[in-house]
Amino acid sequence: MSSFRLTVWNFLENLASNPHLLEETNHKNTKKILNAYCGKGQGLGNKCNDHEACFAVQCESNGWTLKREDSRNGIFYAYQVHGPQRSIDFQLVYLVDGVVADSVNFDLKHSEEDSIFLNDGTFLRDVVYLVSFTRKLAPIKGQRKYPRQQVCVIALGQDVMTEKDRTALEKRFALIKQLNSVKEDLDHLVLYNRNANQYSCKRFTPEFTEDCLRKTQSWIVPSA
């Protein structure tokens, strides 16, 4: 059993048990560090958010340090591996002589509502998703507002969507691609089709959430 993988396993267990750790808003210095890490080309919409800063703080608390060009040996984390507005927000890596010996990719979703935004994206295979939201609970007699519970869903991309939903999304992607391949004879207007897809948090029932966590941990450490 890889010590790196076991550390990731325990890391996920802690986040699932303590979802409030990804809801803190007092990590301004971490946000500055991560913004600088990505370079000066970051637009306002691509700046590090509180949710991402919380994840980085938890990485640091569990022994990972921010990966630099001169990082050689040990466990590190990298931010926005493929650039802003692209899938994979974080990558946890194990380096040996500067070479990646093992890694786990993470993508973070956050919502204070009853759905998360996918926009033009989807849930990718073998990427660990952390979906943070507040689950609506059963009403309490005498209270007008429904009580809510903070939740951190941890799931592999391939385990999230139903086959029906995934098929529909793939068809939509194909349609958008076809529409954008048509070049219309216009004067100055440039037309481009995009998605604003959302995914309902109703999918993440307590039972489904627990099942996803166990599947993810079994994928991280198969013998666990």
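A short reminder: the numbers here are calculations on the coordinates, not readings from a lab. Here the structure is a predicted model, which is why all the values come from computation and not from measurement. Quick reminder, even Gly has a Cβ in these numbers, built from the backbone with ideal geometry, and neighbours come from all protein chains shown.
Here are some notes:
- ³J(HN,Hα) computed for each position of the stretch 129-143 - Karplus, 6.51 cos²θ - 1.76 cosθ + 1.60, integer Hz, glycine/proline x: 9, 10, 9, 9, 7, 10, 7, 6, 9, 4, x, 9, 4, x, 10
- Approximate spin-label separation Gln158-His82, in nm, with each point projected 7 Å along Cα-to-Cβ: 1.7 nm
- Remark: C-alpha extents of the chain on the principal axes read 57, 56, 37 Å, sorted largest to smallest.
- Dipole magnitude for the chain: about 500 debye, using +1 per Lys or Arg Cβ and -1 per Asp or Glu Cβ, origin at the Cα centre.
- The helix-based estimate of mean residue ellipticity at 222 nm for the chain, built from -39,500 (n - 2.57) per DSSP H run of four or more residues and divided by its residue count, is -10500 deg cm²/dmol to the nearest 500.
- Debye-sum result for the stretch 110-162 in log10 I(q)/I(0), which assumes one identical scatterer on each alpha carbon, at q = 0.12, 0.17, 0.21 Å⁻¹: -0.36, -0.63, -0.82
- Legend: ranking of residues Phe90, Phe117, Phe11 from fewest to most surrounding C-beta atoms inside 10 Å; resulting order Phe117, Phe11, Phe90.
- Coupling constants for the stretch 56-68 follow from the phi torsions by the Karplus curve (6.51 cos²θ - 1.76 cosθ + 1.60, θ = phi - 60°), and in residue order they are 4, 4, 5, 4, 4, 5, 9, x, 7, 10, 5, 5, 10 Hz; glycine and proline get x.
- Across the stretch 101-108, computed HN-Hα scalar couplings (Karplus, 6.51 cos²θ - 1.76 cosθ + 1.60, θ = phi - 60°) run 8, 7, 7, 9, 9, 10, 10, 10 Hz from first to last residue, x flagging Gly and Pro.
- The Kirkwood radius of the stretch 56-169, taken over pairs of alpha-carbon atoms, gives through the Stokes-Einstein law at 37 °C and 0.692 mPa s a diffusion coefficient of 200 µm² s⁻¹.
- The stretch 149-224 and the stretch 78-123 have Cα centres lying 14 Å from one another.
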